[in-house]
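The values are calculated or read from the model by the stated rules, or taken from the named source; none is laboratory data. Fair warning: this is a prediction, and the values are worked out from it, not measured in the lab. Counting neighbours? That spans all protein chains shown, and the Cβs are built from the backbone with ideal geometry, glycine included.
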Amino acid sequence: MNKKTYQVRQKNGELQITDSEGKQISASQLLSKDKKVYAFRGEMGAGKTTLITQLCKDLGVQDTVNSPTFAIVNVYSDSQDNYIYHFDCYRLRDIQEALDMGAAEYIYSDNLCFIEWPEMIEAILPEDTVNIYISNKGDYRELVVEE
């Protein structure tokens, strides 16, 4: 398993992400070329939606990006007209509810999937899902990316 740690600070509405060597990177550099499903894990208010918003912006999404808390999934298009699926599984009662709304079809569509609160649908996530752990460290957020 490959694990990398980053620090994230917000300045003037933009995220500043720094790798373990102190080099600043864009949010999109957190993504692997060959991985499509990303599980964002962290406490309420840790910054999952903020990070996903920055990722979408870096990928050329023109739509307003916000948490799909009630819709469960939002669909965006990147600058290449590829779909990006943004899930918020916080309100799901059980995995059957996710299956009924077509979650597996989205997840295995070969499009990018960003999933907040993935614990509810763990059983249907691909084996190669990238986990991004976000924790609040006071004046910054720590990201741990596990592939």
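Can you find, within the range 66-80, the residue that is surrounded by the fewest Cβ atoms within 10 Å (Cβ to Cβ) among those that are at pLDDT below 95 and not polar (S, T, N, Q)? Once the filter is applied, the top-ranked residue is Phe70. Hey, can you tell me all the residues within the range 27-52 that are surrounded by 15 or more Cβ atoms within 10 Å (Cβ to Cβ) and more than 14 Å from Leu112 (Cβ to Cβ)? Within the range 27-52, Arg41, Gly42, Ala46, Gly47, Lys48, Thr49, Thr50 meet the criteria. Tally up the residues in the range 88-147 that are over 14 Å from Tyr6 (Cβ atoms), in contact with a strand residue (DSSP E or B) (Cβ under 6 Å, 6 or more places away or on another chain) and either polar (S, T, N, Q) or assigned to a strand (DSSP E or B) (or both), please. Number of matching residues: 8.
For residues in the range 77-120 being out of contact with any Ser or Thr (no Cβ under 9 Å at 6 or more places or on another chain) and aromatic (Phe, Trp, Tyr), which is farthest from Val37 (Cα to Cα)? Ranking the candidates gives Trp117 first.
Here Ala46 meets the list (1) under 25 Å from Asp100 (Cα atoms); (2) more than 10 Å from the chain's Cα centre (by Cα); (3) touching a residue at least 40 places away in the same chain (Cβ under 8 Å) almost entirely, failing just condition (1).
Scoring Val145 on the criteria (1) surrounded by 13 or more Cβ atoms within 10 Å (Cβ to Cβ); (2) over 13 Å from the mean Cα position of the chain (by Cα); (3) β-branched (Val, Ile, Thr) leaves a single failure, condition (2). Remark: pairs (first residue in the range 13-25, without any contact (Cβ under 8 Å) to a residue 24 or more places away in the chain; second residue assigned to a loop (DSSP other than H, G, I, E, B); Cβ separation under 7 Å; 6+ apart in sequence or on different chains) = Ile25/Asp19. Test Thr69 against the stated conditions and say whether it is touching a Phe, Trp or Tyr at 6+ places or on another chain (Cβ under 8 Å), farther than 24 Å from Asp19 by Cα, in a loop (DSSP other than H, G, I, E, B) and free of Cβ contacts under 8 Å to residues at least 24 places away in the same chain. Considered against the rule, which asks whether it is touching a Phe, Trp or Tyr at 6+ places or on another chain (Cβ under 8 Å), farther than 24 Å from Asp19 by Cα, in a loop (DSSP other than H, G, I, E, B) and free of Cβ contacts under 8 Å to residues at least 24 places away in the same chain, Thr69 comes out as yes. Taken over the range 7-34, the criterion of being outside any helix (DSSP H, G or I) and either of a type in the set (A, V, I, L, M) or under 12 Å from the mean Cα position of the chain (by Cα) (or both) is satisfied by Val8, Leu15, Ile17, Ile25, Leu31.
Arg9 fulfils the conditions (1) closer than 18 Å to Pro118 by Cβ; (2) surrounded by fewer than 16 Cβ atoms within 10 Å (Cβ to Cβ); (3) modelled with pLDDT of 95 or more except for a single criterion, (1). For the range 99-121, a residue qualifies if it is without any contact (Cβ under 8 Å) to a residue 24 or more places away in the chain and out of contact with any helix residue (DSSP H, G or I) (no Cβ under 7 Å at 6 or more places or on another chain), and the qualifying residues are Asp100, Gly102, Glu105, Tyr108.
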